[in-house]
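A quick write-up on the structure given underneath.
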Amino acid sequence: MTGSHGVGEDARAALLELLVWRRDVRRFRTDPLPSGAFERLVETACLAPSVGLSQPWRFVLVEAPERRRAVRASFEACNAEALSRQSGERAALYAGLKLAGLDEAPIQFAVFADRATSQGHGLGRMTMPETIDYSAVMALYTLWLAARTEGIGLGWVSILDPVAVAAALDVPAGWSFIGYFCLGYPVEETDVPTLERDGWERRCDPRAVLVRR
């Protein structure tokens, strides 16, 4: 650190490198993570900002085979439906995409936001209650970056039925499903998004998303 106004050039360069090499991983090695690695990453995730200091994130480590099978069944059903909505070359391209690491990743977990939490006493979310969910996403991204510093990859499995997943994991009714994730060592490392390499989409020019008023 260089004081209260920022960090040194080396730290800025390291952060940029971390962001460039942070990828959504779909291909994992099956070897396990070190004991306590997931718990340590969750501790780091809890450093994330949250509305009103509510810390609404809830991490559900999914270890039971029957619960994993239920999640996989949801993925297969939703993926088949998504494929049916594609046509022509796009359908063939979609069918060839690897969209989840459910069969290989040693760690699987879900993130929920506890919308009923009393922590924070409702500060900052009266007019924007969705900030509870946003706070949980911030925690997840903090974990994602922390994992990357240890050479651990994370993959977001979004092709799921939230209701089916919540039921399979038997979580409280007031919890909002944020996402389901695979965690483990990646088969390969790359600074190019998988979907770009596979020809599904290309990143846009950052200038295209900047609006001035």
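The values are calculated or read from the model by the stated rules, or taken from the named source; none is laboratory data. Here the structure is a predicted model, which means the values were calculated and not measured. With ligands, DNA and RNA removed, areas are computed over all heavy atoms of the protein, side chains included. Shrake-Rupley method; radii C 1.70, N 1.55, O 1.52, S 1.80 Å.
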query = Given 0.36 nm per residue, what is the gain on full extension from residue 83 to residue 209 after removing their alpha carbon distance, in nm?
reply = 42.5 nm
ask   = Where Rh is the Kirkwood radius over the Cα pairs of region 91-213, the temperature 37 °C and the viscosity 0.692 mPa s, what D in µm²/s does Stokes-Einstein return?
value = 191
Taking region 61-213 and dividing mean pair separation by its residue count, relative contact order in percent (alpha carbons under 8 Å, at least six apart) = 34
ask   = Can you work out ³J(HN,Hα) from phi for every residue in region 157-174, in order, using Karplus 6.51 cos²θ - 1.76 cosθ + 1.60 and θ = phi - 60°, giving whole Hz and x for Gly and Pro?
value = 9, 9, 8, 9, 8, x, 5, 5, 5, 4, 5, 5, 8, 6, 9, x, 4, x
ask   = In a GNM of the chain with a 10 Å cut-off on Cα contacts, which of 148, 67, 203 has the highest mean-square fluctuation?
value = 203
inquiry  = For Cα pairs less than 8 Å apart in space and 6+ apart in sequence, what is the mean separation divided by the residue count of region 2-139, i.e. the relative contact order in percent?
reply    = 42
note = Yeah, the chain with a ≥ b ≥ c from its alpha-carbon gyration tensor (a/c under 1.5 is rounded, else prolate when a/b outruns b/c, oblate otherwise) is rounded
request  = Would you kindly give the portion of the calculated P(r) for region 76-141 that falls above 18 Å, as a percent of all Cα pairs?
outcome  = 60
3J(HN,Hα) from dihedral phi, region 78-86, Karplus parametrisation 6.51/-1.76/1.60, rounded to Hz, x for glycine, proline = 5, 5, 5, 5, 5, 5, 5, 8, 8
remark   = region 19-126: Kirkwood hydrodynamic radius (Cα pairs, Å) comes out at 17.2
request  = Kindly report, to the nearest 10 Å², the accessible surface of residue 38 as traced by a 1.4 Å probe over protein heavy atoms only.
outcome  = 20
ask   = By accessible area of protein heavy atoms, probe 1.4 Å, what ranking do 175, 21 get, highest first?
value = 21, 175
task = Keeping all protein chains in position, work out how much accessible area residue 81 exposes to a 1.4 Å probe, and write it in Å² to the nearest 10.
result = 90
query = How large is the accessible surface per residue of the chain, computed with a 1.4 Å probe and reported in Å² as a whole number?
reply = 59
